[in-house]
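I have placed the structure first, in the form of structure tokens, so that the comments after it can refer back to it.
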Amino acid sequence: SEGYKIPWNDPDFSRRMLREHLSEDHDLASRRAQWIDRQTAWIHQHLLAGKPSRILDLGCGPGLYARRLARLGHACRGFDFGPASIDYARRHNADETRCEFVLADIRHADFAGPYELAMILFGEFNVFSPAEAAKILAKAWPSLAPGGRLIVEAQSASAVEAVGRGE
């Protein structure tokens, strides 16, 4: 009803997507653990200078990045529209006082802040129309602390097609 072609918040679809997020057989819904480990280490060292920071994770899925960043000393607030993913993130980060996971559509959620880093990873940005994407960025920007950074990992149409073909 709001223009989504993908029913992220449908419980059955959400459970199927969670299964794909957690799969180590492919990099289609989330990256494999080894790649996430490398990427979070890079974020920690190069973007956050190894200092404990507040991180906003938009489209966090099952919290795969937030959990790793929290182990490195960061406080993470993740938003996702998939109920199964948020449930998984909460259950598997229950002992992590540094993680909060919010079930919400990032187009309408209040991000609060301030954060030293806001991130939209793994092409999550691609699911939004250009107008929606602009609104999300306009909301994310003021949630950053002075000197804060924003990572947007968009994928080109050719990259999305290549992944679909298994290349």
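The values are calculated or read from the model by the stated rules, or taken from the named source; none is laboratory data. As the structure is a prediction and not an experimental result, all values here were calculated from the model. Please note: Cβ atoms are built from the backbone with ideal geometry, for glycine as well, and neighbour counts cover all protein chains shown. Accessible surface is based on the protein model in full, side chains and every heavy atom, while ligands, DNA and RNA are left aside. Shrake-Rupley method; radii C 1.70, N 1.55, O 1.52, S 1.80 Å.
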Practice problem: Six or more apart or on different chains, Cβ under 7 Å: which pairs go from a residue in the range 119-146 that's at positive phi to one that's of a type in the set (K, R) and open to solvent by 20 Å² or more (accessible area, probe 1.4 Å)? Could you list them? | Solution: F122/R31
Quiz item: Got at least one residue in the range 63-72 being in contact with a Pro (Cβ under 9 Å, 6 or more places away or on another chain) and without any contact (Cβ under 8 Å) to a residue 40 or more places away in the chain?
Solution: yes
Quiz item: Which condition does D80 not pass, out of (1) farther than 17 Å from I55 by Cβ; (2) buried (at least 17 other Cβ atoms within 10 Å of the Cβ); (3) acidic (D, E), if it passes all the others?
Solution: (1)
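Take the residues in the range 64-77 that are more than 11 Å from the chain's Cα centre (by Cα), at negative phi and not charged (D, E, K, R), then tell me which one is most open to solvent (accessible area, probe 1.4 Å).
Residues of the range 64-77 that are more than 11 Å from the chain's Cα centre (by Cα), as a first pass: 67-75.
If we keep only those that are at negative phi too, we end up with 67-72, 74-75.
With the extra rule that they be not charged (D, E, K, R), the set shrinks to 69-70, 72, 74-75.
On the way: L69: 0, A70: 5, L72: 73, H74: 0, A75: 37 Å².
Looking at residues that are more than 11 Å from the chain's Cα centre (by Cα), at negative phi and not charged (D, E, K, R), I get L72.
Give the residue that is farthest from G73 (Cα to Cα), with candidates limited to residues of the range 110-142 that are of a type outside the set (G, A, S) and in a loop (DSSP other than H, G, I, E, B).
Taking the range 110-142 first, the residues of a type outside the set (G, A, S) are 110-111, 114-117, 119-122, 124-128, 130, 132, 135-137, 139, 141-142.
Those left that are additionally in a loop (DSSP other than H, G, I, E, B): 110-111, 114, 121-122, 128.
Working: D110: 24, F111: 21, P114: 17, L121: 20, F122: 22, F128: 31 Å.
Going through the qualifying residues, I end up with F128.
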Practice problem: Check L47 against each of (1) touching a residue at least 24 places away in the same chain (Cβ under 8 Å); (2) within 22 Å of M17 (Cα to Cα) and name the one condition it does not meet. | Solution: (2)
Practice problem: Select from the range 22-63 the residues that are over 19 Å from G113 (Cβ atoms), of a type in the set (A, V, I, L, M) and open to solvent by less than 20 Å² (accessible area, probe 1.4 Å) and write down the one among them that is modelled with the highest pLDDT. | Solution: I36
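Taking the range 92-109 as the region of interest, how many residues are of a type outside the set (K, R) and part of a loop (DSSP other than H, G, I, E, B)?
Step one: list which residues in the range 92-109 are of a type outside the set (K, R), which gives 92-97, 99-106, 108-109.
Now restrict to residues that are part of a loop (DSSP other than H, G, I, E, B): 93-97, 104-106, 108-109.
The number of residues fulfilling the criteria is 10.
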Quiz item: Limited to the range 106-158, what total is found for residues that are touching a strand residue (DSSP E or B) at 6+ places or on another chain (Cβ under 8 Å), within 18 Å of I86 (Cα to Cα) and surrounded by fewer than 17 Cβ atoms within 10 Å (Cβ to Cβ)?
Solution: 1
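Can you tell me which residue within the range 48-63, out of those that are over 20 Å from F125 (Cα atoms) and among the hydrophobic types (A, V, I, L, M, F, W, C), is farthest from the chain's Cα centre (by Cα)? Before the answer, list the steps.
Of the residues in the range 48-63, the ones over 20 Å from F125 (Cα atoms) are 48-54.
So of that shortlist, the ones also among the hydrophobic types (A, V, I, L, M, F, W, C) come out as 48-49.
Working: L48: 17, A49: 20 Å.
That would be A49.
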Practice problem: Output the residues belonging to the range 84-95 that are open to solvent by less than 40 Å² (accessible area, probe 1.4 Å) and either acidic (D, E) or touching a residue at least 40 places away in the same chain (Cβ under 8 Å) (or both). | Solution: A84, S85, Y88
